[in-house]
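*Asks:* Please see the structure below; I have some questions.
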Amino acid sequence: MAVEHITQDNFDEAVSSAETVLVDFFATWCGPCKMLAPVLDSIAETLPENRKIVKIDVDENMEIARKYGVMSIPTLVLFKNGQAAQRLVGVRPEDELRELLQ
């Protein structure tokens, strides 16, 4: 399954559409975000149906970024059963992110 780009309009639906959802808060101009993107794409291709990765552009969706206290990007927020459960800031190694989604 590919990484899905979402907006604040479908955010709640997206984070509750699977048991575990990793949300990547990013910006198109952000260098570290660009480094993280292919890692997330690779992980997304191997995830089971009950797990997924979504991306939301903080510049276009400032309200939702504020709601979740995103101050630096990339910020990754792990949602379990529709609730924020864990937060990571910055680029992380692929194996750490795979383990997080297990």
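*Asks:* With n ≥ 4 as the cut-off for DSSP H runs, can you work out [θ] at 222 nm for the chain, using -39500 (n - 2.57) per run divided by the number of residues, rounded to the nearest 500? Each step should come with its number before you reach the end.
*Replies:* On the way: 4 runs with 32 residues, N = 102.
Dividing the helical sum by the residues of the chain leaves -8500 deg cm²/dmol.
*Asks:* Let me ask you something else. Relative contact order (percent) for segment 4-90, with alpha-carbon contacts under 8 angstrom and 6 or more residues of separation?
*Replies:* That works out to 42 percent.
*Asks:* What nm distance separates the two modelled labels at GLU45 and MET71, each placed 7 Å from Cα along Cα→Cβ?
*Replies:* Placing both labels 7 Å beyond Cα along the Cβ direction yields 3.7 nm.
*Asks:* Here's a follow-up. LYS55's amide H: which non-local residues (gap 5+, or another chain) put their own amide H closer than 5 Å, with H modeled 1.01 Å from N in plane and none for Pro or chain starts?
*Replies:* GLU4, HIS5, ILE6, ASP24
*Asks:* Along the Cα→Cβ direction, 7 angstrom out, place labels at GLU4 and SER16. What is the inter-label distance in nm?
*Replies:* 1.4 nm
*Asks:* What size of dipole, in debye to the nearest 20, comes out for the chain about its Cα centre when the only charges are +1 on Lys and Arg C-beta atoms and -1 on Asp and Glu C-beta atoms?
*Replies:* The dipole of the chain has a size of about 320 debye.
*Asks:* Okay, moving on. Residue by residue, what Karplus-based ³J(HN,Hα) values in Hz, rounded to whole numbers, does segment 65-75 have, using 6.51, -1.76 and 1.60 with θ = phi - 60° and x for Gly and Pro?
*Replies:* 5, 5, 4, 9, x, 6, 10, 9, 10, x, 10
*Asks:* What do you get when you divide the Cα radius of gyration of the chain by 2.2 N^0.38 Å, with N the number of residues?
*Replies:* On the way: Rg = 12.1 Å, N = 102, 2.2 N^0.38 = 12.8 Å.
Relative to the rule-of-thumb radius for its length, the chain sits at 0.95.
Coordinate-derived values only; no laboratory data. Quick caveat: nothing in here was measured; it's all calculated off a predicted structure. All Cβ positions, even for glycine, are placed from backbone atoms using ideal geometry, and neighbour counts span all protein chains on display.
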